[in-house]
Amino acid sequence: MKKTFEYAVGDSWLLDCQGEKTVYTVKDCRYRPADGKEIYTVEIGGTGSCEMTKNRLHYLLYRFVYKKLKSGKYRKYDCGMSETEVRAYYAHMRAAEEQRAERVTARLESSAEYRAAAQEISALSMQLAKAEYIRADAFEIVRLKKQLDAAKEKRRAAMTRLGIKPGEEKKRMFCTKCGDTGYLSGGKQCVCVAANEEAIRAYAAGVRKCKAAT
């Protein structure tokens, strides 16, 4: 994806900082993929230059600009995310969701009340399926259904006491289009990638920081 730099190469301003006027001129600009920031090389007073982020330059201009001297030429940069970064993020997201579901399941299974209700539901479900298959007495089928509903209510009550909502123990899928992979069957990037762009960039930056530290 192409974006335009906020400031143009050649932009020049006269800044007034505590009565001292200095010319600031953008000499170059680049995109830093490590943290997704625009970096500007700014000449100060014609004697030296320094690099600063877009936010830093914006702050200086907001606080001290006296007047703009001239305009430069805008550049574009490619801030697209690599397929490796996208797939790594989605793999991390799937793993995190699986771990969350496992923690919830472990909490449920630690409850004797929940285990008893779950076992009762399993046994009654089998009995009901068998009764319906052999076309048992209608009253027997009704009796089993009522018992099954009661067992399910016991399970729901046990989950409520644990502070767990029904279905919370199941692994969730956030995007059914790509199956939480970021890519469709034909290899095309899914629309959910754009929605998760900030999170993907933050995760990729964290991975790069960890690698640099080792």
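The values are calculated or read from the model by the stated rules, or taken from the named source; none is laboratory data. All figures in this text were calculated on a predicted structure; none of them were measured in a lab. Positions of Cβ are backbone-derived with ideal geometry, glycine not excepted, and every protein chain shown enters the neighbour counts. These accessible areas exclude ligands, DNA and RNA; they are computed on the full protein's heavy atoms, side chains included. Shrake-Rupley method; radii C 1.70, N 1.55, O 1.52, S 1.80 Å.
Overall, region 41-83 carries a charge dipole of about 380 debye about its Cα centre when +1 sits on the Cβ of Lys and Arg and -1 on the Cβ of Asp and Glu, all other atoms neutral. Which option, (i) 72, 39, 26; (ii) 54, 32, 30; (iii) 96, 42, 36, is the value of Cα extents along the principal axes in Å that was calculated from these coordinates? This structure yields the entry labelled (iii).
Is the shape of region 86-145 best called rounded, prolate or oblate, per the rule: a/c under 1.5 gives rounded, else a/b larger than b/c gives prolate, else oblate, with a ≥ b ≥ c the square roots of the Cα gyration tensor eigenvalues? Since a/c reaches 1.5 but b/c is at least a/b, the shape of region 86-145 is classed as oblate. In summary, the aspartates and glutamates within cross-link reach of residue 152, defined as a Cα separation below 18 angstrom excluding same-chain residues under 8 places away, comprise 109, 113, 120, 168, 169.
Taking 134, 44 and ordering them by how much accessible surface each has at a 1.4 Å probe, largest first, produces 134, 44. For residue 6, nonlocal amide neighbours, meaning residues 5 or more places apart or on other chains whose placed amide H falls under 5 Å from its own, do not occur.
Among the trypsin sites (Lys or Arg not before Pro) found in region 1-36, not one is both in a DSSP coil and sparsely packed, with 13 or fewer other Cβ atoms within 10 Å of its Cβ. Among the listed pairs 21/73; 3/37; 21/76; 2/70, those with a Cα-Cα distance over 19 Å are 21/73; 21/76; 2/70. Phi-derived couplings, Karplus 6.51 cos²θ - 1.76 cosθ + 1.60 at θ = phi - 60°, listed residue by residue for region 26-31: 6, 9, 7, 8, 8, 9 Hz, with x used for Gly and Pro.
The largest accessible area among 82, 71, 111 belongs to the first residue in 71, 82, 111, and the rest follow in falling order (1.4 Å probe, all chains). Size estimate for region 115-206 follows the Kirkwood approach: the inverse of mean 1/r over distinct Cα pairs works out to 17.2 Å. Considering only 71, 112, 36, the residue lying farthest towards the positive end of the dipole of the chain is 71, judged by Cα position with unit charges set on Cβ.
Largest mean-square fluctuation among 118, 88, 202, in a Gaussian network model of the chain whose springs join Cα atoms under 10 Å apart, belongs to 118. Residues in region 182-193 carry Karplus couplings, in order, of x, 9, 7, 4, x, x, 7, 5, 6, 5, 5, 4 Hz; the curve used is 6.51 cos²θ - 1.76 cosθ + 1.60 with θ = phi - 60°, and Gly or Pro positions show x. A Gaussian network model of the chain, with springs between Cα atoms under 10 Å, assigns the largest mean-square fluctuation among 173, 126, 52 to 126. Summing Cβ point charges (Lys, Arg +1; Asp, Glu -1) relative to the Cα centre of the chain gives a dipole of roughly 260 debye. If only the Cβ of Lys and Arg carry +1 and only the Cβ of Asp and Glu carry -1, the dipole of region 128-192 around its Cα centre is close to 140 debye.
From the residues 193, 60, 174, which one has its Cα farthest along the dipole of the chain in the positive direction, the dipole being from +1 and -1 charges on Cβ of Lys/Arg and Asp/Glu about the Cα centre? So the residue furthest toward the plus end is 60.
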